[in-house]
1. With n ≥ 4 as the cut-off for DSSP H runs, can you work out [θ] at 222 nm for chain A, using -39500 (n - 2.57) per run divided by the number of residues, rounded to the nearest 500?
2. Do you know the relative contact order of region B:190-332, to the nearest whole percent, from alpha carbon pairs under 8 angstrom that are 6+ apart?
3. Peptide B:268-281: average number of partner chain Cβ atoms within 10 Å per residue?
4. Counting only DSSP beta bridges with both residues in the protein assembly as shown, what percent are antiparallel, rounded to the nearest 5?
5. Quick check: Cα centre of region A:280-314 to Cα centre of region A:1-76, how many Å?
6. List the trypsin sites (Lys or Arg not before Pro) within region B:143-204 that DSSP assigns to loop and that have no more than 13 neighbouring Cβ atoms inside 10 Å.
7. Defining a contact as two alpha carbons under 8 Å apart and six or more residues distant in sequence, what relative contact order in percent does region A:1-67 show?
8. With the other protein chains left in place, how much accessible area per residue, in square angstrom, belongs to chain B at a 1.4 angstrom probe?
2 protein chains.
Amino acid sequence: MTETRQWLLNGHPRGRPINDDDLKLVTTSLPEPGPGQMLLKTHFLGFDPAQKGWMENIADYVAPMAIGDVMRGSGITEVVASNGGKFPVGTMLAGSIVWSEYLIHDGEGLIPCMHELPPTAMLSILGTTGVTAYCGLFKVGEPVAGDVVVVSGAAGATGSIVGQLAKIAGCTVIGIAGGPEKCEWLVKEAGYDHAIDYKAGPIRTQLKELAPNGINVIFDNVGGKILNDMLACIATNARVVICGGISRYETGNLPAGPENYFNLVFRRARMQGFIVLDWASEFPDIRRRLVKWVNEGRLAYREDVQHGFENAPNTLQRLFSGSNKGKQLLKL
Amino acid sequence: MTETRQWLLNGHPRGRPINDDDLKLVTTSLPEPGPGQMLLKTHFLGFDPAQKGWMENIADYVAPMAIGDVMRGSGITEVVASNGGKFPVGTMLAGSIVWSEYLIHDGEGLIPCMHELPPTAMLSILGTTGVTAYCGLFKVGEPVAGDVVVVSGAAGATGSIVGQLAKIAGCTVIGIAGGPEKCEWLVKEAGYDHAIDYKAGPIRTQLKELAPNGINVIFDNVGGKILNDMLACIATNARVVICGGISRYETGNLPAGPENYFNLVFRRARMQGFIVLDWASEFPDIRRRLVKWVNEGRLAYREDVQHGFENAPNTLQRLFSGSNKGKQLLKL
């Protein structure tokens, strides 16, 4: 019997921000691992804005979460005991888990951490974040060398990778982020050609100046007014990748509809969503490419590591206040 | 010297409907045709909602119209005199002209009417309307037999053709139109499987009932609330073809942005505009296909013919009041 703390869903944050009562910390006892099962110890949790969507239980493309369910998320775990399980004791595993210090698990959906980078990379550059950036940009955005690529939420975990991938692909890259510190980081560290601080003034005129021939690829993590401003500046045949809509999370409503969607007609352009799991069979190859670029010094990634299992809900909140710098992680 | 009446642009109807002062009727004298020129007599004018956009001069993908320009539109003309021009006297020509009873023209951009159907077909089923329906549906919407296709503005010139083409391609077709008469026509004459009268009540619940597994292809001529309701019901991998936004013309503003654009993410779907001229090289082949289906009785088309050159502005207005039944034409 192993004692463990767990965070349970205790409220659906619909139409409002997450509050302190939406998650409840409990202590419970886990049974011994049954045949084929392992006891896993959680070392890191990874955070993503989509988790609020799961808590709201309004999106229907992932299994809904009910009150009392252990909160779902990504994590790095270590096999500490095994009853004939899939991986030997001592293996570091990455994948979708729940917010629990220890877990009984059959290993389904978990993969061993790659050795080329530290284990946390499996939650950031080599995790859903990295493959989302890769697939969204290359498979949906289809950038061509010489294109102008604009990324909103550019200093976020996904956005910062997208911009660097677009640079590797020979594009000119403009990032939109909030505040001078993030903008400086984009240009100095993440290799963006230009950064626009949306808090400092209207972005449409800046986009027109920086991309006088129009934007070829938009990678949008934000929605709302920023998406609308970007759509006002698209070039003929533009591809608009809708990756996220962080602007919606404040209210729980969908982001406002962009009236400039009609520019899709004037510019014969397309706007497209995607679900990264559709390319799951390619993830091993994509991870190898990402590792290579990191090791060549062409792809930087940032992790924002908070500490203490009891701080998991507060760490999730950092995503919605824009406090995180790079991929938000929690070390247990 | 030939005397002719012409309609000149006299005001930009921006942010408001077209009014009586926006076009001015004048009489002018045309010179004799110069070398290579012909004198053309206009028999029919064709009308399209995009013409209000030209008058507004806010869309920038067609040459802007200035005050005093002769109003631009499509038409059927006959060669009545020629000074070594491209086509012999007596030829009926179709294409982009101006609102003038007679024109001096070198024939550039005009094509002889096909003989398989009456000349007016070159302004409707075989004109921009027909090829827009064909290209928007097949090249952008990419329907697959068995798909559910929903068309807004379904009783309009383009919409009624789209639905029938989707039927030919083996799809289930739902049309959205205003009023019981149009809806009855859709089902009884145009072969639609179902029609929804948007004036009779909320359309979202009806769409969910008629397409319980979701909409695979949307062909939108309307924008605004109707587009938003359709987006609420898309299936995974849906294609959303944005062809027009008639709902915008009342105010001159773009249609409201559809907040359900975010379903593009949940449903990994795409929304796309197009400019039919991109496929101009294929128009002859597309017209042959359309003629064949018409002659086989598989493709019906409707023309709404008004009379008298002096009624040209009023005839254009019929598009925005929803008065037209099929392609709006004017016989001089």
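The values are calculated or read from the model by the stated rules, or taken from the named source; none is laboratory data. Treat the numbers as computed from the prediction; the structure is a model and nothing was measured. Glycine gets a Cβ as well: all are built from the backbone with ideal geometry, and neighbour counts include every protein chain shown. With ligands, DNA and RNA removed, areas are computed over all heavy atoms of the protein, side chains included. Shrake-Rupley method; radii C 1.70, N 1.55, O 1.52, S 1.80 Å.
1. Working: 9 runs with 78 residues, N = 332.
So the calculated ellipticity at 222 nm is -6500 deg cm²/dmol.
2. Values: 179 pairs, mean separation 24.9, N = 143.
It rounds to 17 percent for region B:190-332.
3. Neighbouring Cβ atoms belonging to other protein chains average 5 per residue here.
4. Values: 76 of 128 bridges.
Percent antiparallel among DSSP bridges in the protein assembly as shown is about 60.
5. 21 Å
6. Working: sites: B:167, B:182, B:188, B:199, B:204; in loops: B:199.
Within region B:143-204, the qualifying trypsin sites (Lys or Arg not before Pro) (loop, at most 13 other Cβ atoms within 10 Å) are B:199.
7. On the way: 75 pairs, mean separation 24.2, N = 67.
In percent, rounded to a whole number, it is 36.
8. On the way: 13080 Å² over 332 residues.
For chain B, the solvent-accessible area averages 39 Å² per residue.
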